[in-house]
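Here is the structure we will look at, set down as structure tokens.
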Amino acid sequence: MCCGAPSGSTRLNAVSHFSAGSFCPRFLCKVWLAAACPAGGRMRFFGCLKKNVYLCIVFIVFIRMENFIVSARKYRPTDFGSVVGQQHITTTLKNAIRSGQLAQAFLFCGPRGVGKTTCARILAKTINCTNLTADTEACNQCESCRSFAEGGSMNIFELDAASHNTVDDIRELTQQVYIPPQTGRYKVYIIDEVHMLSTQAFNAFLKTLEEPPAYAKFILATTEKHKILPTILSRCQVFDFKRIQTEDIVSHLKAIAEKEGVAYEDEALHIIARKAEGGLRDALSTFDQLVSFTRGNLTRQLCNENLNLLDADYYFRLTDYFRNGDLSGALLLYQEVIEKGFEGQHFITGLSEHLRNLMVAIDPATHKLMEMGEALRTRFGQQAAACGLALLLRWLDISSDYEYRYKDAGNKRLFVEVALMKLATAVTNP
Ligand SMILES: [Zn+2]
């Protein structure tokens, strides 16, 4: 980290300079003329019309790419109220700010992409705001808030300990800590991936962390809490960030899809959210990728195809074959799945998951244990009612047994086929 310049704002400044400065119309015209009409200037412009058309397309694509901002950045929450799925933390932080009982050091732990750095930045902005709202949020209008929004605040310092983990990096930081803030009340130091600091760097940091000046606040963030030394842990107020619930991710994606004018099926957003396994940033990057692949039309089928997932339809059909004792139907369906390029392990794990969902679909009280849209839940409920609990349990028993033993099987294909035979004959041979 360079002295005096917050790394976060440096990064943001660099981005805005690049897109605003490098692509002004005058600059583009010059490049265009130089590339398309090297010898005769404008006179030859029409002479090489074809070349101009190609260049035009390249420039448009390039400018569009340049203006594209990933959703995770474009929709990054700017106040506590808009943070997704971490109310237990934002409420505690707001209460601490309101009562003036802020700790000197915080440790934000939790999986990646759940909002640790975002919360750290919001906390830094809020405690420096000179005109807090009644709800203890930053006003977004005072001088301090504006400088945060523009990425020019001198009161926030970010250090990525994954790439800056030496004693010198920490020494550089601790030297700055003793210089009081020129404007605003607090200087906030955010150290990301703090578990990556070397032991010597940790030791160099301890003293400052123990007795910091009143205006200095430290926010340490980590994905691996168990690697943090007890001496550091005991000096910090610890906040555990949760994986974000699928339903919370879905409603966030819905709001973004509506703002961006993206057409979507409810189930498509559930597929994205389930795949992200509680990480909002992962969900947003999959969302961006799929919006681009599907040209802004997120259907369940297109999402499954692009994410290489086996559509739930296969398992619904397969379960019907089992129920009717139709072994040939089950074997032919498996052939279809193999031809699509899916692995046997993937197939059989998906089958167990489908049967598990059917089991919890029997009782409406446990419907909330299924992370999916309403239409699909109803479909599960109907199939579950047709099968009955006893049969489902017998199937689940067989499929989980074969799933467990799959990795040791010699002939994988035959192994799955035997499993299908057992499942399809379970109705008649209890
Ligand atoms: Zn403010």
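Within region 240-268, count every residue that is of a type outside the set (Ser, Thr, Tyr) and farther than 21 Å from THR118 by Cβ. Steps first, please.
First pass over region 240-268, keeping only residues of a type outside the set (Ser, Thr, Tyr): 240-245, 247-250, 252-263, 265-268.
With farther than 21 Å from THR118 by Cβ added as a condition, the list becomes 258, 261-263, 265-268.
The qualifying residues number 8.
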Members of region 386-418 found to be assigned to a helix (DSSP H, G or I), among the small types (Gly, Ala, Ser) and closer than 16 Å to ARG356 by Cβ, listed by number: ALA390, SER399, SER400
Residues of region 397-430 classified as over 38 Å from the mean Cα position of the chain (by Cα) and in contact (Cβ under 8 Å) with a residue 40 or more places away in the chain, total: 6
Residue pairs meeting the criteria (Cβ under 7 Å; at least 6 apart or on separate chains; first over 14 Å from ARG185 (Cα atoms) and modelled with pLDDT under 90, in region 131-151; second near the ligand (Cβ under 10 Å from one of its atoms) and not hydroxyl-bearing (Ser, Thr, Tyr)): ALA149/ASN140
Helices (runs of 4 or more DSSP H) wholly inside region 106-182 containing at least 1 residues that are away from the ligand (no atom under 13 Å from the Cβ) and acidic (Asp, Glu): 167-177
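Looking for something of a type in the set (Phe, Trp, Tyr) and either in contact with a Phe, Trp or Tyr (Cβ under 9 Å, 6 or more places away or on another chain) or not assigned by TED's automatic domain parsing to the domain that holds ALA120 (or both) - is there at least one such residue anywhere in region 176-184? Don't jump to the end; show me each part of the working.
Of the residues in region 176-184, the ones of a type in the set (Phe, Trp, Tyr) are 178.
Adding the requirement that they be either in contact with a Phe, Trp or Tyr (Cβ under 9 Å, 6 or more places away or on another chain) or not assigned by TED's automatic domain parsing to the domain that holds ALA120 (or both) leaves none.
Scanning region 176-184 turns up no residue that is of a type in the set (Phe, Trp, Tyr) and either in contact with a Phe, Trp or Tyr (Cβ under 9 Å, 6 or more places away or on another chain) or not assigned by TED's automatic domain parsing to the domain that holds ALA120 (or both).
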Number of the condition not met by ALA204 [criteria: (1) at pLDDT below 90; (2) in a loop (DSSP other than H, G, I, E, B)]: (2)
Residue selected from region 268-278 under the condition at negative phi and crowded, with 20+ Cβ neighbours inside 10 Å, by the criterion nearest to the chain's Cα centre (by Cα): ALA276
Yes/no for GLY261 being buried (at least 17 other Cβ atoms within 10 Å of the Cβ) and either closer than 16 Å to PRO111 by Cα or among the small types (Gly, Ala, Ser) (or both): no
Hits in region 195-221 - residues which are crowded, with 18+ Cβ neighbours inside 10 Å and closer than 27 Å to SER144 by Cα: THR208, LEU209, PRO212, ALA216, LYS217, PHE218, ILE219, LEU220, ALA221
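Which of the following residues is under 30 Å from VAL291 (Cβ atoms) and of a type in the set (Ser, Thr, Tyr): TYR334, TYR315, TYR321?
Details: TYR334 fails: under 30 Å from VAL291 (Cβ atoms); TYR321 fails: under 30 Å from VAL291 (Cβ atoms).
Exactly one residue qualifies, and that residue is TYR315.
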Matching residues in region 262-294 - criterion: being farther than 18 Å from ASP311 by Cα, assigned to a helix (DSSP H, G or I) and either touching a strand residue (DSSP E or B) at 6+ places or on another chain (Cβ under 6 Å) or among the acidic types (Asp, Glu) (or both): ASP282, ASP288
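The values are calculated or read from the model by the stated rules, or taken from the named source; none is laboratory data. This one's a predicted model, so the numbers in the text were calculated from it and none came from an experiment. Cβ coordinates were reconstructed from backbone atoms using ideal geometry, including for glycine residues, and neighbour counts include every protein chain displayed.
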